[in-house]
């Protein structure tokens, strides 16, 4: 079963490993920022969630280039 989940050696495996590393880093950022803003800064969890969601949405929209006419 593990063989079906691991891409073949080469660029595909490198890209999969890079994506895994990026996903782990994103998860660590979300958890630590939520803990920081709730415990250290004192914001309500709902406000932290809303702020992170809005920041993600703006970042997603700004990160896509406009269509070329």
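The values are calculated or read from the model by the stated rules, or taken from the named source; none is laboratory data. Note that this is a predicted model, so its numbers are computed, not measured. Cβ sites come from the backbone with ideal geometry, for glycine too, and all protein chains shown count toward neighbours.
Here are a few things to note about the model shown:
- Considering the conditions (1) touching a helix residue (DSSP H, G or I) at 6+ places or on another chain (Cβ under 7 Å); (2) modelled with pLDDT under 90, residue 37 is excluded by exactly one of them, (2).
- Unmet criterion (only one of (1) under 17 Å from residue 56 (Cβ atoms); (2) not in a helix (DSSP H, G or I)) for residue 34: (2)
- Residue list for segment 37-61, filter: more than 16 Å from the chain's Cα centre (by Cα), assigned to a helix (DSSP H, G or I) and loosely packed, with under 10 Cβ neighbours inside 10 Å: 39, 40, 46
- Filter result for residue 30 (surrounded by 12 or more Cβ atoms within 10 Å (Cβ to Cβ) and closer than 30 Å to residue 6 by Cα): yes
- For beta carbons closer than 6 Å, sequence separation of 6+ or different chains, a first residue in segment 6-29 that is closer than 26 Å to residue 56 by Cα and a second that is surrounded by 10 or more Cβ atoms within 10 Å (Cβ to Cβ), the qualifying pairs are 16/7.
- Among the conditions (1) outside any helix (DSSP H, G or I); (2) modelled with pLDDT of 90 or more, the only one that residue 64 does not satisfy is (2).
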